[in-house]
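Asker: So that we are looking at the same thing, I have put the structure below in structure tokens.
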Amino acid sequence: MGYKKLTKPVSRLNLNQQIEIIESGYEYLLAYAAQGKETDQAGSTISEVRTTLKNMADTTILLIDEHEQKPMSFSWVIIDDAKKAYAAIELVLAQKDISSEMIDNLNASIHLRALLTDLFLVSEAN
């Protein structure tokens, strides 16, 4: 399974910044899921949920790129979980409408939670 390489320069984020983006995004998605929305479309602007998901997707790409260069044996776990989380996020982003139920299912997916737990583990090990 492939993933999109970032096409524009993005500053590298340290581990704590990566955790913050994924964790705060996950928490935002929990709140969004509880709202019972049928769609994220409120006008012609990009919705906050889409912006949050895009930031999370970009961070997963950074994680994959960074960990492909690291010799740490746990890196392959992070890469695998980041690719799976990325694929789930991209599936949601590809939808015309993003409902609370869809986000609830994304949140229930083990992939985002596994990636976040991987990052917490690495943070504690450093």
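Asker: Can you name the condition, by its number, that residue 11 falls short on among (1) surrounded by 18 or more Cβ atoms within 10 Å (Cβ to Cβ); (2) at pLDDT below 95; (3) of a type in the set (Ser, Thr, Tyr)?
Answerer: Unmet for residue 11, out of (1) surrounded by 18 or more Cβ atoms within 10 Å (Cβ to Cβ); (2) at pLDDT below 95; (3) of a type in the set (Ser, Thr, Tyr): (1).
Asker: Under 8 Å between Cβ atoms, at least 6 apart or on separate chains: pull out the pairs that start in segment 84-101 with a residue that is touching a residue at least 40 places away in the same chain (Cβ under 8 Å) and end on any residue that is in a helix (DSSP H, G or I) and among the charged types (D, E, K, R).
Answerer: That search, which allows pairs on different chains as well, returns 93/50; 93/54; 98/50.
Asker: When you scan segment 74-85, do you find a residue that is farther than 23 Å from residue 32 by Cα, of a type in the set (Lys, Arg) and assigned to a helix (DSSP H, G or I), even just one?
Answerer: yes
Asker: Of the residues 92, 77, which is β-branched (Val, Ile, Thr), modelled with pLDDT of 95 or more and within 13 Å of the chain's Cα centre (by Cα)?
Answerer: So the residue among 92, 77 that is β-branched (Val, Ile, Thr), modelled with pLDDT of 95 or more and within 13 Å of the chain's Cα centre (by Cα) is 92.
Asker: Name the residue that is nearest to residue 41 (Cα to Cα), counting only residues in segment 103-116 that are surrounded by fewer than 19 Cβ atoms within 10 Å (Cβ to Cβ) and of a type outside the set (Gly, Ala, Ser).
Answerer: Step by step, filter segment 103-116, then rank; the result is 104.
The values are calculated or read from the model by the stated rules, or taken from the named source; none is laboratory data. Model, not experiment: these values are computed from the prediction. For neighbour counting, all protein chains shown are included, and Cβ atoms are generated from backbone atoms with ideal geometry for every residue, glycine included.
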